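Read through the structure below, which is laid out as structure tokens, and then see the notes.
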Amino acid sequence: MALIPWRNRTGRDLYNPFTEMETLQNEMNRLFNFSLGRWDDRAHGLMEGHWNPAVDIYDSKDDILVKADIPGMKKDELDVTIQGDMLVLKGEKKSENEVKEKGHIKTERFYGSFNRAIRLPSGVDASKVKASYKDGVLELVLPKKEESKPKQITVDVQ
């Protein structure tokens, strides 16, 4: 059984690797009938009721900054904890009013519970963490302990 259908190739198609890659991509898309950027079926099966907020993590000299997109929630619906070297974000975004009218076509926003664990670099001072939540963005400033901050070492040339 051939994985890719045999074609008698002549002329320009004989040595064109881009044609081969495009053929392979088309076959893979046909095989999966699925685009990784599309989540139309997330309300069924394994993805039902679960989602993870998108995060940005910045590492500076003095602290770690974490920004998480969690729109449509109140601050008391969020649970933020540090367990060892893990930052854990938990919560549940409840669906607003479910629309059962004929005009309802599609739902792309995420609803349901989430549980996001982010491994932190060692040396974060958990007792001095500052958190704020504004316009759907959770922002955490995690200060580094003094002993974990990078130190400049001067080298003497002899």
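Inspect region 133-152 for any residue being under 26 Å from Glu77 (Cβ atoms), under 27 Å from the mean Cα position of the chain (by Cα) and not in a strand (DSSP E or B) and give the result as yes or no.
yes
Can you run down the residue pairs with Cβ atoms below 7 Å, 6 or more apart or on separate chains, where the first is in region 53-82 and over 17 Å from Asp135 (Cα atoms) and without any contact (Cβ under 8 Å) to a residue 40 or more places away in the chain and the partner is of a type in the set (Lys, Arg) and in a strand (DSSP E or B)?
The qualifying pairs are Asp79/Lys90.
Look at Ser113 and say whether it is of a type in the set (Gly, Ala, Ser), surrounded by 11 or more Cβ atoms within 10 Å (Cβ to Cβ), within 20 Å of Val137 (Cβ to Cβ) and modelled with pLDDT of 80 or more. Full working, then the answer.
Details: of a type in the set (Gly, Ala, Ser): yes; surrounded by 11 or more Cβ atoms within 10 Å (Cβ to Cβ): yes; within 20 Å of Val137 (Cβ to Cβ): yes; modelled with pLDDT of 80 or more: yes.
In short, yes.
Quick one: how many residues across region 119-158 are modelled with pLDDT of 90 or more and hydrophobic (A, V, I, L, M, F, W, C)?
Result for region 119-158: 7.
State which residue is nearest to Asp63 (Cα to Cα) when the search covers only region 105-132 and only residues that are assigned to a loop (DSSP other than H, G, I, E, B) and among the basic types (Lys, Arg). Before you say what the answer is, go through the steps one by one.
The initial filter retains those residues of region 105-132 that are assigned to a loop (DSSP other than H, G, I, E, B), namely 105-111, 120-123, 125, 129.
Narrowing the set further to residues that are among the basic types (Lys, Arg) leaves 106, 109.
Values: Lys106: 41, Arg109: 32 Å.
Checking each candidate, the answer is Arg109.
The values are calculated or read from the model by the stated rules, or taken from the named source; none is laboratory data. What you are looking at is a predicted structure, and each value in this text was computed from that prediction instead of being measured. All Cβ positions, even for glycine, are placed from backbone atoms using ideal geometry, and neighbour counts span all protein chains on display.
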